[in-house]
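Q: For reference, the structure I am asking about is given below.
The values are calculated or read from the model by the stated rules, or taken from the named source; none is laboratory data. Please read these numbers as outputs of a predicted model, since none were measured by experiment. Here the Cβ is made from the backbone with ideal geometry for all residues, glycine too, and neighbour counts use every protein chain on show.
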Amino acid sequence: MKVMSIFGTRPEIIRLSRIFPLLDKNFKHIMVNTGQNYTKELSSVFFSDLELRKPDYNLKIRTGQYGTEIADIINKTEQVILKENPDLILILGDTNSGLSAIPASHHGIPIAHLEAGMRAYDNRMPEEKNRILIDHLSTVLLPYTNYSRENLIRENIHPSKIYVVGNPIVEVIEHFLPKIDKSKILEKMKLKQNDFFLVTAHRSENVDDPEQLKIIFSSLEKLHKKFKKRIIYPLHPRTLSKSKKIKIPKGIEIIKPLGFFDFTKLEKNALCLITDSGTVPEETLYFKKPCVTIRESTERPETIEAGSNILAGLDIENILGSVNQIISTKYDWKWDSSLGDGKTASKVLNILRGKLERRKI
Ligand code: UDP
């Protein structure tokens, strides 16, 4: 039985990291890295940290211009799909690499989509369009939560194709917790517990427009002045390329993207996270830390419902007010096991095995 996983970015590598070894053990597993995230800090560092083997293919896709990137992903993944002729392809999430679903579906290869059904109902996001396309081309849909499952059913995807499997980030964190706890990043950066803000922001709808990016930096500047706390901002290459002409205000400490253990150690110890990431609000809920999401919409309402995350939009006063509000809350948030119980990898494996064995896909 041959299963091909196709991925290409930091969050896909992290989330799939506990699933890859099970695929290796149970199937003939072909790992295909498109190379969508190609810098060391966003890619190879995670292979060594998360104890992953080398992928079978590194497609080194051409990134940059939208059409060039998508065409290269479709072209190069089609070539490996035709060469390997897998029984099934596993895709996670909503990145351009996931558009390998287009050639897979064209050649009649069944697709299992993990992280299916997320919807922000916001078409400004390239990821929203990718999600819809990938979901509707997939054979088996594996959402994290019931909320995502309902989104799929509302789009007329038949419930018999859907299995809720929980969020795989739980088992990644739990497996690596000893290494996270051992990280020396606090000492290295001379940071004290609950005495700094941690920031990530790199979504294209936030940083591609210089005016939006200026709002982010101005908010952080005001935050520094108001709370007198250090602001640590590991800068994603996309934001770096867009911020070349912007003067970084005082108090904001720009650093390179961190490895998973150092970053999650900072998450566990920050006063509050300010982010436009999808995964960060989930991790902060898991660590019971306050989070302010600087986006207009989210495909993950579960963290807001749990109480640990405020969707502040991209408005300076509202970001400041939201931070003030969430850090003043007396909190006892909890990661409900319905969001992910640490057994996602084995559930995914069982579902693929069952489907493959009965050739029902
Ligand atoms: N992350 C990391 N180093 C960093 C910033 C983030 O390891 O400097 C991790 C973070 O813990 C999370 C993931 O990268 O697991 C989030 O990735 P990203 O925000 O790029 O993607 P999204 O979650 O929005 O899809």
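Q: Does segment 25-69 hold any residues that are aliphatic (A, V, I, L, M) and within 16 Å of the ligand (Cβ to nearest atom), and which are they?
A: 42, 45, 50, 52
Q: Here is a follow-up. Would you be able to say whether some residue in segment 16-31 is closer than 17 Å to residue 104 by Cα and either within 19 Å of the chain's Cα centre (by Cα) or of a type in the set (A, V, I, L, M, F, W, C) (or both)?
A: Checked against the condition, which is being closer than 17 Å to residue 104 by Cα and either within 19 Å of the chain's Cα centre (by Cα) or of a type in the set (A, V, I, L, M, F, W, C) (or both), segment 16-31 yields at least one hit.
Q: Within segment 70-80, does at least one residue satisfy the condition of being outside any helix (DSSP H, G or I) and either touching a strand residue (DSSP E or B) at 6+ places or on another chain (Cβ under 8 Å) or hydroxyl-bearing (Ser, Thr, Tyr) (or both)?
A: No, segment 70-80 has no match at all.
Q: Turning to a different aspect of this structure: Working only within segment 218-232, note down all residues that are crowded, with 18+ Cβ neighbours inside 10 Å and either at pLDDT below 95 or of a type in the set (S, T, N, Q) (or both).
A: 219
Q: Any chance segment 115-129 includes a residue that's within 16 Å of the ligand (Cβ to nearest atom), of a type outside the set (Phe, Trp, Tyr) and over 23 Å from residue 15 (Cα atoms)?
A: yes
Q: Let me ask something else. Could you please find all residues in segment 278-297 being crowded, with 20+ Cβ neighbours inside 10 Å, polar (S, T, N, Q) and either in contact (Cβ under 8 Å) with a residue 40 or more places away in the chain or near the ligand (Cβ under 10 Å from one of its atoms) (or both)?
A: 284
Q: Here's something else I'd like to know. Mind counting the residues in segment 202-224 that are within 16 Å of the ligand (Cβ to nearest atom) and more than 13 Å from residue 248 (Cβ to Cβ)?
A: Residues in segment 202-224 being within 16 Å of the ligand (Cβ to nearest atom) and more than 13 Å from residue 248 (Cβ to Cβ): 7 in total.
Q: Pairs only if they're at least six apart or on different chains, beta carbon under 9 angstrom, first in segment 199-217 and within 18 Å of residue 64 (Cβ to Cβ) and of a type in the set (Gly, Ala, Ser), second within 12 Å of the ligand (Cβ to nearest atom) and in a loop (DSSP other than H, G, I, E, B); list them, first residue then second.
A: Going by the 9 Å Cβ cut-off, the qualifying pairs are 204/125.
Q: Of all residues in segment 107-122, which are surrounded by fewer than 18 Cβ atoms within 10 Å (Cβ to Cβ) and in contact (Cβ under 8 Å) with a residue 24 or more places away in the chain?
A: Matches in segment 107-122: 107, 121, 122.
Q: Still on this structure, please answer the following. Can you name the residue in segment 144-183 that is in a helix (DSSP H, G or I) and of a type in the set (Gly, Ala, Ser) and, of all such residues, is farthest from residue 116 (Cα to Cα)?
A: Going through the qualifying residues, I end up with 160.
Q: When you check residue 183 against the structure, is it away from the ligand (no atom under 16 Å from the Cβ) and either buried (at least 18 other Cβ atoms within 10 Å of the Cβ) or farther than 28 Å from residue 205 by Cβ (or both), yes or no?
A: no
Q: Then there is this: Take residues that are modelled with pLDDT of 95 or more and buried (at least 19 other Cβ atoms within 10 Å of the Cβ) and tell me which of the helices (runs of 4 or more DSSP H) falling wholly in segment 1-67 contain 2 or more.
A: Output list reads 10-16, 20-26.
Q: How many residues does segment 279-296 hold that are of a type in the set (Ser, Thr, Tyr) and within 13 Å of residue 327 (Cβ to Cβ)?
A: Final tally of qualifying residues: 1.
Q: When you look at residue 148, is it small (Gly, Ala, Ser), farther than 21 Å from residue 21 by Cβ and under 18 Å from the mean Cα position of the chain (by Cα), yes or no? So that I can check it myself, show each step before the final result.
A: Values: small (Gly, Ala, Ser): yes; farther than 21 Å from residue 21 by Cβ: yes; under 18 Å from the mean Cα position of the chain (by Cα): yes.
So residue 148 passes the test.
Q: Being farther than 18 Å from residue 222 by Cβ and touching a strand residue (DSSP E or B) at 6+ places or on another chain (Cβ under 6 Å) is the requirement here; does residue 301 meet it?
A: No; evaluated as a whole, the condition is false for this residue.
Q: For a quick check of your reading of the model, give me the residue pairs whose first member lies in segment 64-91 and is hydroxyl-bearing (Ser, Thr, Tyr), whose second is in a helix (DSSP H, G or I), with beta-carbon atoms closer than 6 Å and at least 6 apart or on different chains.
A: Cβ pairs passing all conditions: 77/100; 77/103.
Q: For segment 244-257, which residues satisfy the criterion of being surrounded by fewer than 20 Cβ atoms within 10 Å (Cβ to Cβ) and at negative phi? If you could, list the steps in order and put the result at the bottom.
A: Of all residues in segment 244-257, those surrounded by fewer than 20 Cβ atoms within 10 Å (Cβ to Cβ) come to 244-256.
Across segment 244-257, the qualifying residues are 244, 245, 246, 247, 248, 249, 250, 252, 253, 254, 255, 256.
Q: If I go through segment 286-345 residue by residue, how many of them are assigned to a loop (DSSP other than H, G, I, E, B), closer than 30 Å to residue 19 by Cβ and among the charged types (D, E, K, R)?
A: 9
Q: Within segment 239-249, is there a residue that is modelled with pLDDT under 90 and within 13 Å of the ligand (Cβ to nearest atom)?
A: Yes, segment 239-249 contains a residue that is modelled with pLDDT under 90 and within 13 Å of the ligand (Cβ to nearest atom).
Q: Can you tell me which residues in segment 114-145 are modelled with pLDDT under 95 and closer than 17 Å to residue 19 by Cβ?
A: The answer is none; no residue qualifies.
Q: Residues to consider are 273, 258; find the one that is assigned to a loop (DSSP other than H, G, I, E, B) and either within 13 Å of the ligand (Cβ to nearest atom) or without any contact (Cβ under 8 Å) to a residue 60 or more places away in the chain (or both).
A: Testing whether each residue is assigned to a loop (DSSP other than H, G, I, E, B) and either within 13 Å of the ligand (Cβ to nearest atom) or without any contact (Cβ under 8 Å) to a residue 60 or more places away in the chain (or both) leaves just 258.
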